[in-house]
Amino acid sequence: MEVETFVVPPLGNNVYLVYDADAKEAALVDTSLSAAKVLPRLRELGLALRFILNTHGHADHVADNAAVAKATGAKIGIHEADAHRLEAVAREVCPYLSAPPPPSKADLLLKEGSVVKVGSIALRVIHTPGHTEGSVCLQVPEAGCVFSGDTLLAGTFGTTDGAGGSPARMWRSLSRLHEAPPDTRVLPGHGPPTCVGDESWIANLRYAAPH
């Protein structure tokens, strides 16, 4: 498995190109505003982009879904609980975007335990609500890594005070991620990568009344 990271607008988002170099197949974890960088790279590597996998439906993560899907024919996957956001973002005013992103539509409704295959790579869906109700992480156990979106970031976690957010659900989601092997590499939606073992603060989290 090969992974290339693109740090792009609108909020210093990490977009990950995940590919099997032998099979020449790829998936893109989130799109943000990455089309201008990702599309030339796909052509350079001779890759067929099979899937766009959104970790959640916030505008900064899905902004170029429509552009990338149109250019590549890739299928868009997002958790079923966040699928409505792909069209809703086109009607929202986002202070960090000059204009709302065009709507896109889910081709794959992801859920806990879903597996998306790209060549020999199997990305397994972990439903990790808290930042949004349909936030997911994408784990590749064979490669010892997890794409964590805005659930787990280096030293912190995504906000829980927006629509669909929940501190109690975030607490449970982080606790689940912390059960992974300590050397599991975490590739977040923003900021530098980390490892599960370096996020020992998760073990000290407490939430008095989860609901």
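Readers should treat all values here as calculations from the given coordinates under stated rules, not as data from a laboratory. As the structure is a computational prediction, the values presented were derived from the model and not from experiment. Glycine also receives a Cβ, built like all others from the backbone with ideal geometry; neighbour counts cover every protein chain displayed.
Projecting the Cα atoms of 175, 132, 186 onto the charge dipole of the chain, computed from C-beta unit charges around the Cα centre, puts 132 farthest toward the positive end.
Sorted from greatest to least, the principal axis extents spanned by the alpha carbons of the stretch 1-73 come out as 32, 22, 19 Å.
Each peptide among 122-129, 76-83, 100-107 gets the average number of other Cβ atoms lying within 10 Å of its residues, and from highest to lowest they stand as 76-83, 122-129, 100-107. Approximating the spin labels as points 7 Å out from Cα along Cα→Cβ, the residue 92-to-residue 107 distance works out to 2.4 nm. Taking log10 I(q)/I(0) by the Debye sum over Cα atoms at q = 0.09, 0.12, 0.13 Å⁻¹ as calculated from this structure, the corresponding entry among (i) -0.57, -0.83, -0.90; (ii) -0.31, -0.56, -0.66; (iii) -0.36, -0.64, -0.74 is (ii). The slack between residue 206 and residue 99, meaning 0.36 nm per residue of separation minus the straight C-alpha distance, is 34.6 nm. Its Cα centre serving as origin, the stretch 2-204 has a Cβ charge dipole (Lys and Arg +1, Asp and Glu -1) of approximately 400 debye. Projected onto its three principal axes, the C-alpha set of the stretch 91-193 covers 40, 31, 24 Å, listed from the longest axis down.
Over the residues of the chain, the helix contribution to mean residue ellipticity at 222 nm works out to -4500 deg cm²/dmol, using -39500 (n - 2.57) for each DSSP H run of at least 4. Cβ crowding within 10 Å, taken as a proxy for footprinting-reagent exposure, orders 24, 37 from fewest neighbours to most as 24, 37. Put a plus charge on the Cβ of each Lys and Arg, a minus charge on the Cβ of each Asp and Glu, and nothing anywhere else: the dipole of the stretch 85-140 about its Cα centre is then about 140 debye. Summing charges over neighbours of residue 166, with a neighbour being any other residue whose Cβ is under 11 Å away from its Cβ, gives 0 when K and R count +1 and D and E count -1.
For the chain, what proportion of DSSP beta bridges, expressed in % and rounded to the nearest 5, is antiparallel? DSSP beta bridges in the chain are roughly 65 percent antiparallel. By the count of neighbouring beta-carbon atoms within 10 Å, fewest first, 202, 52 end up ordered 202, 52. Among the lysines of the chain, pairs that are 8 or more positions apart or on different chains and have alpha carbons within less than 17 Å of each other number 7.
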